[in-house]
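Structure, as structure tokens:
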Amino acid sequence: MGLSTSHAAPLEGKVLERGTRTPLADIAVYALPHRLKTLTDAQGRFRFEDLPSGPITWVVNAAGFLKLEERDWIADASDSRALTSGAQPERELFLERQSYATYETTVTGRADQRDDSKRSLKASQVKTLPGAGGDPLKALQNLPGVNRPAPFSSQVIIQGSAPRDTRYLINGHEVPIIFHFGGLSSVVLPDALDRVDTLTAGYGAEYGRALGGLVSVWTRRPRTYRVHGLAFVDLINAGGFVEGPAGEQGRFLIGARQSYIGAILGAVAKDNDAFNFTLAPTFGDLVGIYERPLSQRDEFKVVTVGSSDTLQFLLKQPVDADPSIRGQFNTSTRFFRIIPELQHTHSARTRSRWSVGLGRDWIKFNTSENYFKIFTWAFTLRGEVERTISDHWTAQWGVDNAYTWARVDLLLREAFFDGGVGNPFGGGNLREVGADSKQIRTGAYWRNEFKLSPRWTLLPSLRVEAIRSSANGVREIFPLGRVAARYHWSDSLHLRAATGRYVQAPEPRELDSTFGNPSVRAPTSWHGAMGFEKDFRAGSSRGWRWSGGTFYRNFQDLVVPSSALISRNGQIVPENFTNGGSGRSYGFESLLQMDLSPWSGWLSYTLGRSTRQQPGQSEYPFQYDQTHLLTAIAAIELPKNWRLSSRFRYATGNPTTPIVGASFDADHDVYFPSRGAFYSQRLQPFFQIDLRADKKWIYRKWILSAYLDIQNVTNRKNLEAIQYSYNYQQSDVVGGLPILPTLGVQAEF
Amino acid sequence: MLIDLFSNKRQGAFLALFLLSGCGSDLLDESQELGPLRVLALIASSPEVNMGTASTSITPWVSDFTQGATRSGYSYSWATCPDPGIAYGAAPQCSTASTLESGGPVAIAPGTLTAGNAYTGVATGAGAITINIPSSSSSFWTSRSLIEKTNGVALIFEFTLTTGTETARSFRRILVKSAGASNTNPLLTDVTVDSVSIAGATGSFPSTEKKLAPIIGAGSQESYTTLTTAGTVLNKTETLTVSWFTTAGEFQFNRTDSSSSNRFTPPESGAPKGLVFLRDDRGGVSAPITIGF
């Protein structure tokens, strides 16, 4: 093979990332030994006009990629057999990244975002966190200020608030659930997400109706450079998505997931004497995204989300602790939302964004005798106009409304539950409701951002909330002032403070004349927060960052259970609920992030206190009062695309209410517990170590990934609850999950 | 609350609950074990009465198998009062102010609870406690809704069994209705071992692992109507539950549906004694079948 002196036809090619086939722009491509060089364009394309025929070596040496040296043969222009329509066949050069690890210790800081109370987790970055099962929503537990929920819980508890005080949003629109059954997985495919935001104490006026905070999930933009796909399978579920261009300007993503955890549980429970599954628990979800510009000023997007959870099982005999629980149980929760959104740029200084959420919720539960069905139409509206009024003043005006129309049909034996202790259902009364219910919750806000000086920014805002329910026909209107301030001490140190008032609508059942009390009103809370963010990296991507702060909340008019009988309309009726509760939560939180490649990690710590008061009880620790919350995560990237990571978690044990006696209900052969001082005892502290190993195999046009995630690797028996004997005279502890390995495989092209 | 339990945000707790229901701790006593001081049943001659009925009587079945031999004596006391709202969370106790009628403490007659009956029997001996039903003009009845009066206003009967420093508290409801057919106690006529009457065979527990089945008397499972809180009439049929008790050995289930049998594993030695009660879900309780007594 000698070196030719003749010249070839023009040659075009592309430089792509190996595995993902992402086009790489501004990459220098050398053709040796001719010492010819060209740069790739934005689409990763390159072109040599006058390349000599004969053997050459492609050399590409780009930052962040392994050096490419690839031998090739350039056909002579006269060699028609080697040419395609007279041109050189297109070349594809694949560069392998030095690391395909997506793990970084990135929690978006407060300094550069609109709401200082917000912490964002980039979905792609936290997907491989140990113990999170690849789910960015489950990774929220690692953040400071997020309390550890009960096992199998599908709740996010923010800074000592109640689980019900957290609202869940997808692209700004409320959804009934954010996690599937038992908190196993979130309802949106993790690979379709851009980020997950948590809004905590002092959150801004554009959101409301949550005393604790919000968890807001945002879908990502589909990629357009080619059709891209991903499929995964693990011990719980399998799924995947396809994304790519749609027409000349559009882009789309369609994804779905289906679980088979039920089949596993069903097999485990098959030989159990007490119960079996007639239809295993199953969950699934789907997501669709379509985006396209309508004009230079208008951007349109529509997101569709659907979720389904079902479970059927049979208790072969009455449950020991409560014989009224028996027989066939069927439960299902389904919902969908269609969320179209339009962004319009009115001028260089004014833009607006409008979106609606349309959907239905189906929540059904029934036994052989009892049933509980709620079918809801939901319509939510968000709109905001933002105007830069001057170089020092930016304002936003917006609405945040929710309308729900529900049909409620239920026939249930309901039992009293207070202090974390429930009375037996057998002693409860059978209640029936068949009614249409309408909830209207409207919010309007005016938010301002004044840059008072290069260092000071003041953010005063006002939100007006109107809450109306057809259950009691009462409209409540709340003017809610909120103000925040930022101080840029230096380029690397930012300080913040925020305060405001918040309100939350009572749950519909609390207003129901049968199950609740039409006199109940909306509870409120006052938030105060201060914090800082220090970046030690001095412009580098490597180094340390530290953020933290204090928070304080004061809760008023909390809705609490009541066992009193009252006179209403001349008749003796149960009060069921009152606004007699109050409480406070306060604490300090800190997040230290490290990125010292190949090592990375974070250390999250919260020191907190949360208490409540209600009639008949002196101030007591709240059910989720966890004094210390500590999470340490460390990861190391190893050669050949291996990554090892570990998580250590410590949490103060949850308070529990002691049982000080019991009385035998001879009608139902069951015991009624007598509660001691609420939450005056505690479970032992929780701690757990999780390990995870990730490995990627990079092929030219696709990537194969596998992971092994081992939760509770030391098999520690954490005490999660107290279990009592039938007469409450003896007790034993209920352990948490034992060592739990999970294996998963993913392929993407 | 049940609504919470099965609502979307509480399904995790629900999952935990039913998983736990099948994974009870081995360290905890089971309700089938006749061991500590306890009340087993409060059997009313009429679990439901119509307004105007003068009285009903209560037969308390009690047990103190484990420590009965060491007791110096027992006493009981009782009281009646309007339901303070037990279903809505009120403590199942009659306060001094609300008590309509009371009795005791009454010493349980010597020889009532003995080693021969495993310290298990009727606390009142051959008799029963008679309680008076309040009149329609009393505050017990006035101010009640039509739904309550139709379904029954609950009169609470509180029964307390005491020995030394130990106390066993219990209660039951007597439903007082405005009119209509009243609930009657179900009837447990026999228990069979492999289809042979236990009374007709040995009268004792089998010496090897066997299935025991309850024989339910005709008409025990009654149909009735109830007025719902929405004001509609609901036709219902009672759910019958069998409660099994033993001094030794082990039943597979503590309670079973009336149509189910229950497997009994005898102890390695000794002759256990046991009782079987049948309950409907409206306060009706059968007289027990006793085994090995």
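Those residues that are closer than 14 Å to A:Asp322 by Cα and part of a strand (DSSP E or B), I need them from the range A:418-451; list them, please.
Applying the first criterion (closer than 14 Å to A:Asp322 by Cα) to the range A:418-451 yields A:421-428.
Selection gives A:Val421, A:Gly422.
Just the residues that are part of a loop (DSSP other than H, G, I, E, B), within 14 Å of another protein chain (Cβ to nearest Cβ) and in contact with a strand residue (DSSP E or B) (Cβ under 8 Å, 6 or more places away or on another chain), please, taken from the range B:87-127. Explain how you work it out, then say what you get.
Keep residues of the range B:87-127 that are part of a loop (DSSP other than H, G, I, E, B), which gives B:89-100, B:108-114, B:118-119, B:123-127.
The next check asks that each one be within 14 Å of another protein chain (Cβ to nearest Cβ); those that pass are B:89-95, B:97-98, B:123.
Residues satisfying the conditions are B:Gly89, B:Ala90, B:Ala91, B:Pro92, B:Gln93, B:Cys94, B:Ser95, B:Ser98, B:Ala123.
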**Request:** Could you please find all residues in the range A:163-188 being crowded, with 24+ Cβ neighbours inside 10 Å and assigned to a loop (DSSP other than H, G, I, E, B)?
**Result:** A:Val175, A:Ile178, A:His180, A:Ser185, A:Val187, A:Val188
**Item:** Any chance B:Asp4 is at the interface with chain A (Cβ under 8 Å from one of its Cβ atoms), at pLDDT below 95 and in contact with a helix residue (DSSP H, G or I) (Cβ under 6 Å, 6 or more places away or on another chain)
**Value:** yes
**Message:** Being crowded, with 17+ Cβ neighbours inside 10 Å, in contact with a strand residue (DSSP E or B) (Cβ under 7 Å, 6 or more places away or on another chain) and not in a strand (DSSP E or B) is true for just one of A:Gln684, A:Gln623, A:Gln688. Which residue is that?
**Reply:** A:Gln623
**Message:** Residue under question is B:Phe253, and the condition is that it be out of contact with any helix residue (DSSP H, G or I) (no Cβ under 9 Å at 6 or more places or on another chain), aromatic (Phe, Trp, Tyr) and assigned to a loop (DSSP other than H, G, I, E, B); does it hold?
**Reply:** yes
**Request:** Exactly one condition in (1) in contact (Cβ under 8 Å) with a residue 60 or more places away in the chain; (2) farther than 26 Å from A:Thr499 by Cα; (3) aliphatic (A, V, I, L, M) is not met by A:Leu629; state its number.
**Result:** (2)
**Request:** Among the candidates A:Trp377, A:Trp354, single out the residue that is assigned to a strand (DSSP E or B), surrounded by fewer than 16 Cβ atoms within 10 Å (Cβ to Cβ) and not β-branched (Val, Ile, Thr).
**Result:** A:Trp377
**Request:** Looking only at the range A:142-154, count how many residues are of a type in the set (S, T, N, Q), within 14 Å of another protein chain (Cβ to nearest Cβ) and surrounded by fewer than 24 Cβ atoms within 10 Å (Cβ to Cβ).
**Result:** 1
**Prompt:** Can you name the residue in the range A:265-303 that is over 28 Å from the mean Cα position of the chain (by Cα) and hydroxyl-bearing (Ser, Thr, Tyr) and, of all such residues, is modelled with the lowest pLDDT?
**Reply:** A:Thr278
**Request:** Quickly run through the range B:216-232 and pick out the residues that are more than 18 Å from the chain's Cα centre (by Cα) and β-branched (Val, Ile, Thr).
**Result:** B:Thr225, B:Thr226, B:Thr228, B:Thr229, B:Thr232
**Asked** For B:Phe205, which of the numbered conditions (1) surrounded by fewer than 18 Cβ atoms within 10 Å (Cβ to Cβ); (2) assigned to a loop (DSSP other than H, G, I, E, B); (3) more than 10 Å from every other protein chain (Cβ to nearest Cβ); (4) modelled with pLDDT under 90 fails to hold?
**Response** (1)
**Lone qualifier among B:Ala218, B:Ala168 - being modelled with pLDDT under 95 and either assigned to a loop (DSSP other than H, G, I, E, B) or at negative phi (or both)** = B:Ala218
**Prompt:** Identify, please: which residue in the range B:252-281 is crowded, with 23+ Cβ neighbours inside 10 Å and within 11 Å of chain A (Cβ to nearest Cβ) and is, among those, nearest to B:Ser204 (Cα to Cα)?
**Reply:** B:Phe277
**Message:** Whether any residue in the range A:661-676 is under 30 Å from B:Ala41 (Cα atoms), out of contact with any Ser or Thr (no Cβ under 7 Å at 6 or more places or on another chain), of a type in the set (A, V, I, L, M, F, W, C) and not in a loop (DSSP other than H, G, I, E, B) is what I want to check.
**Reply:** yes
**Request:** Being of a type outside the set (Val, Ile, Thr) and surrounded by fewer than 17 Cβ atoms within 10 Å (Cβ to Cβ) narrows it down to one of A:Pro639, A:Pro561, A:Pro574, so name that one.
**Result:** A:Pro639
**Prompt:** Which of (1) in a strand (DSSP E or B); (2) within 22 Å of the chain's Cα centre (by Cα); (3) within 14 Å of another protein chain (Cβ to nearest Cβ); (4) surrounded by fewer than 19 Cβ atoms within 10 Å (Cβ to Cβ) does B:Asn235 not meet, given it meets every other one?
**Reply:** (2)
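Could you list, in sequence order, the residues of the range B:239-251 that are more than 9 Å from chain A (Cβ to nearest Cβ), over 19 Å from B:Thr59 (Cα atoms) and in contact (Cβ under 8 Å) with a residue 40 or more places away in the chain? Write out each step before concluding.
Looking only at the range B:239-251, we keep the residues that are more than 9 Å from chain A (Cβ to nearest Cβ), and these are B:240, B:242, B:244-251.
From what is left, the residues that are over 19 Å from B:Thr59 (Cα atoms) are B:240, B:246-251.
Answer for the range B:239-251, where residues must be more than 9 Å from chain A (Cβ to nearest Cβ), over 19 Å from B:Thr59 (Cα atoms) and in contact (Cβ under 8 Å) with a residue 40 or more places away in the chain: B:Leu240, B:Thr246, B:Thr247, B:Gly249, B:Glu250, B:Phe251.
Residue under question is A:Phe515, and the condition is that it be crowded, with 16+ Cβ neighbours inside 10 Å, of a type outside the set (Val, Ile, Thr) and within 14 Å of chain B (Cβ to nearest Cβ); does it hold?
Values: crowded, with 16+ Cβ neighbours inside 10 Å: yes; of a type outside the set (Val, Ile, Thr): yes; within 14 Å of chain B (Cβ to nearest Cβ): yes.
Criteria met by A:Phe515.
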**Request:** For residues that are over 14 Å from A:Pro518 (Cβ atoms) and touching a residue at least 24 places away in the same chain (Cβ under 8 Å), tally how many sit in the range A:549-590.
**Result:** 24
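The values are calculated or read from the model by the stated rules, or taken from the named source; none is laboratory data. What you see is a predicted model, and the numbers here were worked out from it, not measured in a lab. Please note: Cβ atoms are built from the backbone with ideal geometry, for glycine as well, and neighbour counts cover all protein chains shown.
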